[in-house]
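S.K.: Structure in structure tokens, see below.
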Amino acid sequence: MKRLNDTEKLPIRCILWDVDGTLTDFKAAEREALRSAFAAFGYGECDDAMVGRYSSFNEAVWKKVESEKTDKASLLVERFENFLRAEGLPTDKAAEFNHYYQLALGDTTVYNDNSFELVKSLKGKTLQYAVTNGTLESQFNKLEKAGFDQLLDGIFISEMTGYDKPAGGFFDYVFERIPPLNKREVMIIGDSLTSDMEGGLRQGIVTAWYNPNGLKRPSDKPVNYILRDLCEVKDILADCNS
């Protein structure tokens, strides 16, 4: 754990957990879901190079979603239209392919840093909620199969709120539905600087950037903590609650 500044510290009473890329290894789920979809639709083998090319299409779509300038539902189908076309594959079933893929994302769970046991160990000691930009059909399925639905105090998905992180409307929806707290008693933990950390910084809550690969932090993202391992969350709680 690396603490970057000495802003006002209050006890952390609530954790907002990002899901994909934080609690779970999204890349592993993405790879297996894509391969499963290829097999189900008779598109042949989906090798690592193809998964990498798809990831580029997918990441571009979610950047647009975060900008609040696009229609997410149509974009999620469009990413597959563009990807399949680039691979020389039929695009007429892109919508069905997207639906299958969304559900298949929940079939593979790889916990980052033993996150299930971490969340379990914190249950009853601090409030814990999932905050995610994923779709309803994929995220509820994923969290249920991973067992987080039984551990968390609530789940907030962008399609429930009408907004995507980092939009203020997303966090307004969350704060209206959790117990009243000082915002410095709330911490968001996530791997994305542009959605999780940006949203947290705009809200004035405590920010903990999950950065297992040791990437350089941009100067315009003055987060409170940097985590190389999720288990360092316990050090943050000890630091703030002492």
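S.K.: When only residues in segment 150-159 that are in contact with a strand residue (DSSP E or B) (Cβ under 8 Å, 6 or more places away or on another chain) and modelled with pLDDT of 95 or more count, which is farthest from LEU118 (Cα to Cα)?
M.R.: Top of the filtered list is ILE157.
S.K.: Looking at segment 13-27, which of its residues are part of a helix (DSSP H, G or I) and either under 22 Å from PHE170 (Cα atoms) or open to solvent by less than 10 Å² (accessible area, probe 1.4 Å) (or both)?
M.R.: PHE26
S.K.: Please specify each residue of segment 164-203 satisfying the condition of being assigned to a helix (DSSP H, G or I) and more than 17 Å from PRO222 (Cβ to Cβ).
M.R.: Listed by number, the residues that qualify are GLY168, GLY169, PHE170, PHE171, ASP172, TYR173, VAL174, PHE175, GLU185.
Yes or no, residue by residue, for (1) in contact with a strand residue (DSSP E or B) (Cβ under 9 Å, 6 or more places away or on another chain); (2) modelled with pLDDT under 90:
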{"residue": "VAL61", "(1), (2)": "no, yes"}
{"residue": "ARG79", "(1), (2)": "no, no"}
{"residue": "ARG85", "(1), (2)": "no, no"}
{"residue": "ASP92", "(1), (2)": "no, no"}
{"residue": "HIS99", "(1), (2)": "no, no"}
{"residue": "GLY106", "(1), (2)": "no, yes"}
{"residue": "VAL110", "(1), (2)": "yes, no"}
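S.K.: Can you confirm whether segment 53-71 contains a residue that is out of contact with any Ser or Thr (no Cβ under 7 Å at 6 or more places or on another chain), of a type in the set (Gly, Ala, Ser) and touching a residue at least 24 places away in the same chain (Cβ under 8 Å)?
M.R.: yes
S.K.: Then there's this: Identify the single condition in (1) under 23 Å from SER192 (Cα atoms); (2) open to solvent by 10 Å² or more (accessible area, probe 1.4 Å); (3) of a type outside the set (Val, Ile, Thr) that ASP92 does not satisfy, given that it satisfies every other one.
M.R.: So the condition that ASP92 fails would be (1).
S.K.: Confirm whether PHE57 is over 19 Å from LEU103 (Cβ atoms) and surrounded by 16 or more Cβ atoms within 10 Å (Cβ to Cβ). Can you show your working first?
M.R.: Values: over 19 Å from LEU103 (Cβ atoms): yes; surrounded by 16 or more Cβ atoms within 10 Å (Cβ to Cβ): yes.
Yes, satisfied.
S.K.: If you scan segment 110-163, which residues turn out to be among the basic types (Lys, Arg), in a helix (DSSP H, G or I) and surrounded by fewer than 17 Cβ atoms within 10 Å (Cβ to Cβ)? Before you say what the answer is, go through the steps one by one.
M.R.: Taking segment 110-163 as the starting set, the residues that turn out to be among the basic types (Lys, Arg) are 120, 123, 125, 142, 145.
This time we only want the ones that are in a helix (DSSP H, G or I), so: 120, 142, 145.
Once the filter is applied, which keeps residues that are among the basic types (Lys, Arg), in a helix (DSSP H, G or I) and surrounded by fewer than 17 Cβ atoms within 10 Å (Cβ to Cβ), segment 110-163 yields LYS120, LYS145.
S.K.: For the condition closer than 23 Å to THR24 by Cα and free of Cβ contacts under 8 Å to residues at least 60 places away in the same chain, what is the one hit in LEU136, LEU89?
M.R.: The unique qualifying residue is LEU136.
S.K.: I've got another one for you. How about segment 32-51: which of its residues are open to solvent by 40 Å² or more (accessible area, probe 1.4 Å), without any contact (Cβ under 8 Å) to a residue 24 or more places away in the chain and either assigned to a loop (DSSP other than H, G, I, E, B) or farther than 18 Å from LYS93 by Cβ (or both)?
M.R.: GLY42, GLY44, GLU45, ASP47, ASP48, ALA49
S.K.: Out of everything in segment 196-209 that is open to solvent by less than 10 Å² (accessible area, probe 1.4 Å) and not charged (D, E, K, R), what residue ends up being nearest to SER67 (Cα to Cα)?
M.R.: GLY199
S.K.: Additional query: If I go through segment 210-237 residue by residue, how many of them are within 19 Å of LEU181 (Cα to Cα) and either open to solvent by 40 Å² or more (accessible area, probe 1.4 Å) or of a type outside the set (A, V, I, L, M) (or both)?
M.R.: Qualifying residue count for the region: 1.
S.K.: Also: Under the condition of being open to solvent by less than 10 Å² (accessible area, probe 1.4 Å) and aromatic (Phe, Trp, Tyr), which residue from segment 164-178 is farthest from GLU96 (Cα to Cα)?
M.R.: Selected residue: PHE171.
S.K.: Here's another thing I want to ask about it. Could you tell me whether any residue of segment 167-178 is in contact with a Gly (Cβ under 8 Å, 6 or more places away or on another chain), farther than 28 Å from SER74 by Cβ and among the aliphatic types (A, V, I, L, M)?
M.R.: The answer is yes; a qualifying residue exists.
The values are calculated or read from the model by the stated rules, or taken from the named source; none is laboratory data. In this text the structure is predicted, and so the values were computed from the model without any measurement. Every residue, glycine among them, receives a Cβ derived from its backbone with ideal geometry; neighbour counts consider all protein chains shown. Areas reflect the complete protein model, heavy atoms only, side chains present, ligands, DNA and RNA absent. Shrake-Rupley method; radii C 1.70, N 1.55, O 1.52, S 1.80 Å.
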